Ligand code: ACM
Ligand code: ZN
């Protein structure tokens, strides 16, 4: 036994890159290549962050604050080159999100061709600092997928600006580069649109909220408290800037043709029946949807989107498309006339007409649409980006048709689902469906696809629907540490290893602690 240990140590001495399971490098998501070197770097209260380029100042300052939470001292950010520093530099020769992190006894350097990738390198360094020792090593790292997203529903519950920023901080920590912001739904319209002031005056408020779990067959108990909230355009700009400083793109979702009851309540002519409607006080799927027959509906949507495009520079704009019951359209003379005039077969093709029309408008304005996978029903264009949430199958189908796909199947990526198999015992009230950390980690976004079909998979995303989640502490409990698992699927798909992930995650959890995040303990307590 002694000889075996000796042999392993001898191999490690001559082969510093040998990835032993007791490696001192604990980083999630798992880096692409790690070469361990002897010794370590000692961070002192006087170690500065040296930036070789002014474009790195903002992210250096963001990192300095994060490092300060771990060490007790916020390092100075300077442009004067000194020894024994954390040096950040931009150099050509790296892919967009690729970085090189070199740690020796004498200093640390992060090199990349973009500020975004420098920040990724610093997020890795942050975990090494959290681990208590900064082992000498050379890390070369880059993501498997270009799209790594996280959605937050601010309609079922509203989250103030500071909370949204805090959610964005969590994304940044996990190298997630897209924030999908679900801004409109049956239970509240949350974005100021100057042309339609009633959207927020009326549509952002509901009379009260269901208490306890929703059951469509039961009347339910309500809290009797008016509830509401929305973001002014100035606040939206502030959040988009905040995310951009962290190299995260914000993708807004304006839901059509379903999940539109808050808008219909504000402007009843948007619906087939003309109302009256009321912003929903409970959960579920509303039969009342935008009328697809009246021209005024499209005028409204285009006017809303015109303001949305001014606020959000992202190429991709999410237009919803899920859960749109067809009953109202069947009974509506306007919708039926549209079906006849356009030569459509049925209401599914009417939905397709609706989505195509918005997509054409979006293309004319230089943007692209994302839709939930129901937009596949009734046929879609080749260019629509599909978010596959009903399992991976719709995504597989879309990829085979040649559409770009983001995999976000609910059985892996819905972080509103419970995290343990016994939620009544361990967890706050919520959706009883079950996605453990291990299950989130199991996602294979390229399952069943050929190498050429895999090119259509842009990446992965986790979603947080907030029917049962009313504050940011609860948000943190739901997404941490499952977001770490999602992050590793998106960043390190080709090198996933769950046991190794569990070995590495304590350093990330130390950051959760330092940041005061209310992360779920189940993984660390062996509860699944
Ligand atoms: C969804 O969960 N309805 C996209
Ligand atoms: Zn109609």
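The values are calculated or read from the model by the stated rules, or taken from the named source; none is laboratory data. This one's a predicted model, so the numbers in the text were calculated from it and none came from an experiment. Quick reminder, even Gly has a Cβ in these numbers, built from the backbone with ideal geometry, and neighbours come from all protein chains shown.
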Considering 222, 242, which residue is away from ligand 1 (no atom under 16 Å from the Cβ) and over 29 Å from residue 406 (Cα atoms)?
222
Scan the stretch 62-111 for residues that are over 19 Å from residue 134 (Cβ atoms) and in contact with a helix residue (DSSP H, G or I) (Cβ under 6 Å, 6 or more places away or on another chain) and report the count.
2
Residue list for the stretch 353-362, restricted to those being more than 12 Å from ligand 2 (Cβ to nearest atom) and either in a loop (DSSP other than H, G, I, E, B) or closer than 21 Å to residue 186 by Cα (or both):
355, 358
Note: among 371, 379, 395, just one is in contact with a helix residue (DSSP H, G or I) (Cβ under 9 Å, 6 or more places away or on another chain) and either within 16 Å of ligand 2 (Cβ to nearest atom) or in a loop (DSSP other than H, G, I, E, B) (or both), namely 379
So, in the stretch 427-466, how many residues would count as being out of contact with any strand residue (DSSP E or B) (no Cβ under 8 Å at 6 or more places or on another chain) and either within 16 Å of ligand 1 (Cβ to nearest atom) or in a helix (DSSP H, G or I) (or both)?
9
Selected residue (criterion: farthest from the chain's Cα centre (by Cα)) from residues of the stretch 411-426 that are crowded, with 20+ Cβ neighbours inside 10 Å and either part of a loop (DSSP other than H, G, I, E, B) or within 16 Å of ligand 2 (Cβ to nearest atom) (or both)
419
Within the bounds of the stretch 484-494, is there any residue that is over 18 Å from the mean Cα position of the chain (by Cα), closer than 27 Å to residue 128 by Cβ and at pLDDT 95 or above?
yes
Could you say which residue among 67, 52, 117 is surrounded by 15 or more Cβ atoms within 10 Å (Cβ to Cβ) and modelled with pLDDT under 95?
52
Of the conditions (1) modelled with pLDDT of 95 or more; (2) under 18 Å from residue 259 (Cα atoms), residue 165 clears all except one; give me its number.
(2)
